[in-house]
Each structure stands twice: as C-alpha cells, then as structure tokens.
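A.B. asks: Sharing a structure, written as structure tokens. Questions coming.
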Amino acid sequence: QVRLVESGGGLVQAGGSLRLSCAASGRTFSNYNVGWFRRAPGKEREFVGAINESGGIIYYVGSLKGRFTISRDNAKNTVYLQMNNLNADDTAIYYCAANLRAFSKSDTAYDYWGQGTQVTVSS
C-alpha cells in the first residue's frame, strides 16, 4: 500500500510557474512508476506525464513538453511536477498516481492515487 499526497497547487497568473509535489508513504517508493494526470472543469481526466521508478525514463504529453518537467527524489519519497509559462488551459485538479507494474499513460494502469491539488491560472 502506498499513500500519495499532492501539494503545491494554488492560484497563479498566466505566465507564472508552480511546482507540485507528490509525497509518498508506505512501501518502498523507489520501486514505483509515477504518473501525473489532471482534470479540467467539465473535462475528462487526462494524462500529463510519467516517470519510471529510477527517474531514467520520463514521458510527457507532446503539447506540454517544454513547459512541464517531472523529476523525482527517491531519498525524499517525492515526485515533482514543475510547470512553467502557465496559461488558463492548465487550470485543473492535478493528481499523481503510482504503480509497480508498468510505465503507462493510461490511468487504469495505476493502483494508487492522491487526492489532487487545485491549480488555477488567471488570465
């Protein structure tokens, strides 16, 4: 069992930056792949990016690549999502999720989820 807690969300002006954190407790976090997802108002949850257990493989949705950066510090049991040059379309609840099985873009592949953190970008 892994418990995930996101933090770092908030209100930011367009063009600004935020860094989200996903802190894990429970099992050995360094064994888990971690994905970031988001759900914008009135829309389906969508994949943002993922990082494998070692941090050696990172994947981003093409439209976000260059603005968003995922990293992890296994010594701190934490994965980060750095978001730069934010715009109104980035307004959403952001979730992190973890699994042991596969490095995946699909939300159905993830077994553990955080509660989400709200990011609001004002234009």
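The values are calculated or read from the model by the stated rules, or taken from the named source; none is laboratory data. This structure is a prediction, so every number in the text was calculated from the model and none was measured. Here the Cβ positions follow ideal geometry from the backbone for every residue, glycine too, while neighbour counts run over all protein chains shown. Note: accessible area is taken over every heavy atom of the protein model, side chains too, but ligands, DNA and RNA are not part of it. Shrake-Rupley method; radii C 1.70, N 1.55, O 1.52, S 1.80 Å.
A.B. asks: Quick one: what pairs do we get from region 108-120, first residue under 28 Å from G15 (Cα atoms), second open to solvent by less than 20 Å² (accessible area, probe 1.4 Å) and among the small types (G, A, S), C-beta under 7 Å, 6+ apart or different chains?
C.D. replies: V119/A92
A.B. asks: Still on this structure, I have one more. Keeping to region 52-68, report how many residues are over 18 Å from G116 (Cα atoms) and within 11 Å of the chain's Cα centre (by Cα).
C.D. replies: 1
A.B. asks: Among the residues in region 3-12, are any among the β-branched types (V, I, T), modelled with pLDDT of 95 or more and within 14 Å of the chain's Cα centre (by Cα)?
C.D. replies: yes
A.B. asks: List the strands (runs of 3 or more DSSP E) that sit entirely inside region 9-123 and contain at least 3 residues that are open to solvent by less than 60 Å² (accessible area, probe 1.4 Å).
C.D. replies: It comes to 18-26, 33-39, 45-51, 68-73, 78-83, 92-99, 117-122.
A.B. asks: So S54 clears everything in (1) touching a helix residue (DSSP H, G or I) at 6+ places or on another chain (Cβ under 8 Å); (2) of a type outside the set (K, R); (3) within 23 Å of V121 (Cβ to Cβ); (4) at pLDDT below 95 except one condition, right? Which one?
C.D. replies: Of (1) touching a helix residue (DSSP H, G or I) at 6+ places or on another chain (Cβ under 8 Å); (2) of a type outside the set (K, R); (3) within 23 Å of V121 (Cβ to Cβ); (4) at pLDDT below 95, only one is false for S54: (3).
A.B. asks: Are there any pairs with C-beta distances below 8 angstrom linking a residue in region 80-100 that is more than 19 Å from S30 (Cα to Cα) and touching a residue at least 24 places away in the same chain (Cβ under 8 Å) to a residue that is acidic (D, E) and not in a strand (DSSP E or B), with the two at least 6 apart or on different chains, and if so which?
C.D. replies: M83/D90
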